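Working notes, beginning with the structure itself.
The values are calculated or read from the model by the stated rules, or taken from the named source; none is laboratory data. This structure is a prediction, so every number in the text was calculated from the model and none was measured. Cβ: placed from backbone, ideal geometry, glycine included. Neighbour counts: every protein chain shown.
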Amino acid sequence: MKGSRKYGLVGRHLSHSYSPAIHAMIGGYEYRLCPLEPGELADFIRATDLDGFNVTIPYKKEVIPFCQELSPRAAAIGSVNTMLRLPDGGWRGDNTDYDGFLHLLGADAAAFCGKKALILGDGGAAATVRAVLGDLNISHETLRISRHVIPDIHDRHYDADLIVNATPVGMYPENGKSPVDPGDFPACRLVLDLIYNPAKTALMLMAERLGIPARGGLGMLCAQAVRAAELFLGESLPEGLVDRITEKIRRDMLNVLLVGMPGCGKTTIGRRLAGLTGRPLLDTDELIQEKAGMSIPDIFEKHGETYFRELETAVLRKVTKESGKIIATGGGVVTVPENFDLIRQNSICVFLDREKEKLDISGRPLSRFVGIDGLYRQRIPLYRAWADFTFRVYDPDTTAGNIKKELGL
Ligand code: NAP
């Protein structure tokens, strides 16, 4: 019976794993997280009642000695991410990260045949990427980026057509770091980053600024999970399932970040949206006041706007690393260029557009002292440029309902 089968994920730090949500969408079986400390793997494999399990960092090599059988692919790559119980109680190890990376490369595979890929990092995922690229006849070199060695990059690799990041550099919670500058690779036409949290790593954001398309690792994660489920269940799953799951997980994991003029209703609408969606609300103005230990008008009066903006960016740097939240921001967040990438990395940016005459400017230092007309002229083009979606503000319930519906939350 499919419903009574039990699967899971073995790894060390699993609290942020997306796998339970992905497998819940495939459906029909139990899927549990099994965090293990080093040294606990042998006892776990001996005692577990699971019918199969996925394996993640740092155990993809360590499980190999426990496999009575290995798929040719897992044997060639030297890495196992899927364990299947054999009829006699033993284990078969397989590698579905291969299918995952093939999916991530997708239709671009043909365009890079005969071209040069540069793989950043030399761990388990890099070995999988090498196997896929080799099978597709894409020549590749590995750049041994490491915590211990600073590599000599540019002379040998400046001609790479494709860059694949197979290091964890830039992964949550170390957002904002990039293993290389894509600007150093003038031939580069595509960047693939295996990291899926944040949705857009610093490497991807830098690439996009240069006009180079970039994709993160969420599609790979979902594709490897669907292929693992096919092996668990011994049946093919519908075509298109990977894309449907990827889109749903992407939507669930992205924050919804509200921008707009002071007094347009960001906090009130944010609260209603949080209520409608069950997502927690983070209000940057509230967090700034907590951090400073004083009200926003007092911060402006005692320390000035520059100090306030620095506090705001520090708070934003923290909250925009989060996933699946509603974030209400202050009206001037768009005046600091650094905030743009912070927002883009993991949020859908929503501009709440309210008529100037209806803005509530009580207790808003800049609106009162600089004047609402000047602020409006300066900021409206910025909100429009930064936003992924614009919503006209009616009453808070209608506006929150419109956002929920349009964004499919
Ligand atoms: P791994 O076996 O530990 O290899 C990581 C590689 O990156 C090694 O070469 C390591 O070198 C280097 N590295 C690690 N930390 C670094 C740092 N702070 N600075 C510079 N280099 C560093 O890990 P993996 O299994 O290959 O995974 C690599 C990345 O791919 C992870 O972010 C993982 O989440 C992602 N991944 C994603 C998927 C997916 O489905 N999207 C699947 C597999 C992996 P040193 O050890 O010498 O530092």
**Check on I26, buried (at least 18 other Cβ atoms within 10 Å of the Cβ) and within 12 Å of the ligand (Cβ to nearest atom)** = no
**Hey, R147 in the same structural domain as L205 (by TED's automatic domain parsing), over 14 Å from L194 (Cβ atoms) and outside any loop (DSSP other than H, G, I, E, B) or not** = no
**Item:** Complete set of residues in segment 109-157 that are modelled with pLDDT under 90, more than 15 Å from the ligand (Cβ to nearest atom) and among the basic types (K, R)
**Value:** R156
**Prompt:** under 26 Å from the mean Cα position of the chain (by Cα), surrounded by fewer than 23 Cβ atoms within 10 Å (Cβ to Cβ), more than 16 Å from the ligand (Cβ to nearest atom) and assigned by TED's automatic domain parsing to the domain that holds L190, is that true of A160?
**Reply:** no
**Prompt:** Looking at this structure, is S19 within 16 Å of the ligand (Cβ to nearest atom) and either touching a residue at least 12 places away in the same chain (Cβ under 8 Å) or acidic (D, E) (or both)?
**Reply:** yes
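Collect the residues in segment 163-174 that are part of a loop (DSSP other than H, G, I, E, B) and either within 12 Å of the ligand (Cβ to nearest atom) or within 28 Å of D99 (Cβ to Cβ) (or both), keeping them in residue-number order. Give the steps one after another, and end with the answer.
Step one: of segment 163-174, the residues part of a loop (DSSP other than H, G, I, E, B) are 166-174.
Within segment 163-174, A166, T167, P168, V169, G170, M171, Y172, E174 qualify.
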**Fill in**
Looking across segment 196-227 at residues that are surrounded by fewer than 23 Cβ atoms within 10 Å (Cβ to Cβ) and in contact with a Pro (Cβ under 7 Å, 6 or more places away or on another chain), the single one that is farthest from I26 (Cα to Cα) is L210
**Request:** Kindly indicate whether any position in segment 219-239 is in a loop (DSSP other than H, G, I, E, B), touching a strand residue (DSSP E or B) at 6+ places or on another chain (Cβ under 9 Å), touching a residue at least 60 places away in the same chain (Cβ under 8 Å) and within 16 Å of the ligand (Cβ to nearest atom).
**Result:** no
**Item:** Hits in segment 46-83 (condition: touching a Phe, Trp or Tyr at 6+ places or on another chain (Cβ under 8 Å), over 12 Å from L9 (Cα atoms) and either acidic (D, E) or more than 16 Å from the ligand (Cβ to nearest atom) (or both))
**Value:** F66, C67, Q68, E69
